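Peer 1: Following this message is one structure expressed as structure tokens.
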């Protein structure tokens, strides 16, 4: 895979992850599944939405690679794929370092003004 293709692939993954996490219902679902694997009906219980609505949210999370779904009989179980969130975490850490450098420079400038 070329560097450009790899960058494009990472960009697509990043967009999918941030889109999936942009919704508060999906973020809460991720929080619940991070604690333990849950069935679709267990994920639906804290929310005032239909099972069809919950299923749509889960499909977005699956599409972003955040959730894995397994079927045991008639029960659909969701579990977290933490590696998918790593893409977003790396992106955020890059900008965290950038802001840290900016704040360090501001701190030095303010200290020089005080002298």
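Each value in this text was obtained by applying a stated rule to the coordinates, not by laboratory testing. Note that the structure is predicted; figures quoted are calculated from it, not measured. Cβ sites come from the backbone with ideal geometry, for glycine too, and all protein chains shown count toward neighbours.
Peer 1: With 41, 83, 45, 89 as the choices, which residue is exposed (fewer than 15 other Cβ atoms within 10 Å of the Cβ) and touching a helix residue (DSSP H, G or I) at 6+ places or on another chain (Cβ under 8 Å)?
Peer 2: 41 is the lone residue from the list that is exposed (fewer than 15 other Cβ atoms within 10 Å of the Cβ) and touching a helix residue (DSSP H, G or I) at 6+ places or on another chain (Cβ under 8 Å).
Peer 1: On to the next question. Of all residues in region 12-68, count the ones that are assigned to a strand (DSSP E or B) and either at positive phi or in contact (Cβ under 8 Å) with a residue 24 or more places away in the chain (or both).
Peer 2: 3
Peer 1: Would you mind telling me which numbered condition in (1) within 18 Å of residue 23 (Cβ to Cβ); (2) surrounded by 11 or more Cβ atoms within 10 Å (Cβ to Cβ) residue 50 fails?
Peer 2: (2)
Peer 1: Consider only pairs whose beta carbons are under 8 Å apart and that are at least six residues apart or on different chains; among these, list those whose first residue lies in region 87-115 and is assigned to a helix (DSSP H, G or I) and whose second residue is surrounded by fewer than 10 Cβ atoms within 10 Å (Cβ to Cβ).
Peer 2: Taking only residues 6 or more apart or on different chains, not a single pair turns up.
Peer 1: Please verify whether region 75-83 includes one or more residues that are under 18 Å from residue 15 (Cα atoms) and part of a helix (DSSP H, G or I).
Peer 2: Yes: one or more hits.
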